[in-house]
1. Out of all the residues in the range 209-216, is one or more in contact with a helix residue (DSSP H, G or I) (Cβ under 7 Å, 6 or more places away or on another chain), over 17 Å from residue 124 (Cβ atoms) and modelled with pLDDT of 95 or more?
2. Looking at the range 240-291, which of its residues are on the phi > 0 side of the Ramachandran plot and modelled with pLDDT under 50?
3. Has the range 164-179 got any residue that is surrounded by 19 or more Cβ atoms within 10 Å (Cβ to Cβ) and more than 17 Å from the chain's Cα centre (by Cα)?
4. Residue by residue through the range 155-193, note down the ones that are free of Cβ contacts under 8 Å to residues at least 40 places away in the same chain and either closer than 15 Å to residue 127 by Cβ or not in a loop (DSSP other than H, G, I, E, B) (or both).
5. Within the set of pairs 6+ apart or on separate chains, which have a first residue in the range 95-108 that is on the phi > 0 side of the Ramachandran plot and at pLDDT below 95, a second that is exposed (fewer than 15 other Cβ atoms within 10 Å of the Cβ) and not in a strand (DSSP E or B), and C-beta atoms under 7 Å apart?
6. Quickly run through the range 128-145 and pick out the residues that are in contact (Cβ under 8 Å) with a residue 40 or more places away in the chain, buried (at least 17 other Cβ atoms within 10 Å of the Cβ) and more than 12 Å from residue 101 (Cα to Cα).
7. Looking at the range 221-233, is at least one residue in contact with a helix residue (DSSP H, G or I) (Cβ under 8 Å, 6 or more places away or on another chain), modelled with pLDDT of 95 or more and over 26 Å from residue 116 (Cβ atoms)?
């Protein structure tokens, strides 16, 4: 109707004009969602840490347990982030707030134990995942660092690293591992359930220079035949306060490479010039023959001497 009226008015105003009336097309409404479909993006909060010899210790870390006035804490500051496993890092400070120990390592214990039915069980304990740890570096005694896994209140293993001074310029590392056979790590039928066993490793794991960082990809701690104490990605600076870069890792000394022994063989090597005779056998025969000949000569001489003594001249017979 509106179109017809419009055409009539135009016709009145422009009698000779041609007018077309078109109906507008239908409008198309597109529903645009107010929110796009969600895509699951997972971001790992773990930090993969690599080790470089130029790493330094830095402040601003989470506080840990304390011992003898020293403060131990975890840290990932001052190390280069690379692709690889998460390497726990610890630092120990004196009561005055000076960094005295820096430790970067992964510690794992692989062990086996017997049940009450004499079945053998196997277990792997990631000790550096411990919730509690402490260190001490003040006083005249050795510097120590202890981990309690999984926690100090209810631990199934505690690992203490000691760094006694051997001379004025050198030190060594030994370890004490205490197993507490409880449910957090062991089955109730364990033979030593609710009991404690201690493994002291008096033999040094390594020897180092005071003030220098000891770096090694893997260290095997001497232990019992039923357990393996393994430390990997190791950087130990137990005397950071005596480092050339005080409070930091400073100079780095690397553990010697372990070379595989040459393969052994049970086969007897062939001589360059094979002999048809066994020399040892011939020598034995010769010595035996000489012995027999000497024995015969001695026996004959003895008989002859005896016969001479038994002859008496007739003139002497009364």
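The values are calculated or read from the model by the stated rules, or taken from the named source; none is laboratory data. Only a predicted model underlies this, so the values are computations on that prediction, with no experimental measurement involved. Don't worry about glycine lacking a Cβ; one is built from the backbone with ideal geometry, like all the others, and counts go over all protein chains shown.
1. For the range 209-216, residues in contact with a helix residue (DSSP H, G or I) (Cβ under 7 Å, 6 or more places away or on another chain), over 17 Å from residue 124 (Cβ atoms) and modelled with pLDDT of 95 or more: present.
2. Of the residues in the range 240-291, the ones on the phi > 0 side of the Ramachandran plot are 247, 250.
Matches in the range 240-291: none.
3. Taking the range 164-179 first, the residues surrounded by 19 or more Cβ atoms within 10 Å (Cβ to Cβ) are 171, 173-175, 177, 179.
Now restrict to residues that are more than 17 Å from the chain's Cα centre (by Cα): 171, 179.
Among the residues of the range 164-179, at least one is surrounded by 19 or more Cβ atoms within 10 Å (Cβ to Cβ) and more than 17 Å from the chain's Cα centre (by Cα), which makes the answer yes.
4. Those that are free of Cβ contacts under 8 Å to residues at least 40 places away in the same chain and either closer than 15 Å to residue 127 by Cβ or not in a loop (DSSP other than H, G, I, E, B) (or both): 155, 156, 158, 160, 162, 172, 174, 176, 178, 180, 184.
5. none
6. Within the range 128-145, 128, 132, 133 qualify.
7. The answer is no; no qualifying residue exists.
To keep it simple, each residue is scored yes or no on (1) surrounded by 20 or more Cβ atoms within 10 Å (Cβ to Cβ); (2) within 16 Å of residue 171 (Cα to Cα); (3) more than 13 Å from the chain's Cα centre (by Cα).
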residue	(1), (2), (3)
202	no, yes, yes
217	no, no, no
225	no, no, yes
240	yes, yes, yes
244	no, no, yes
248	no, no, yes
251	no, yes, yes
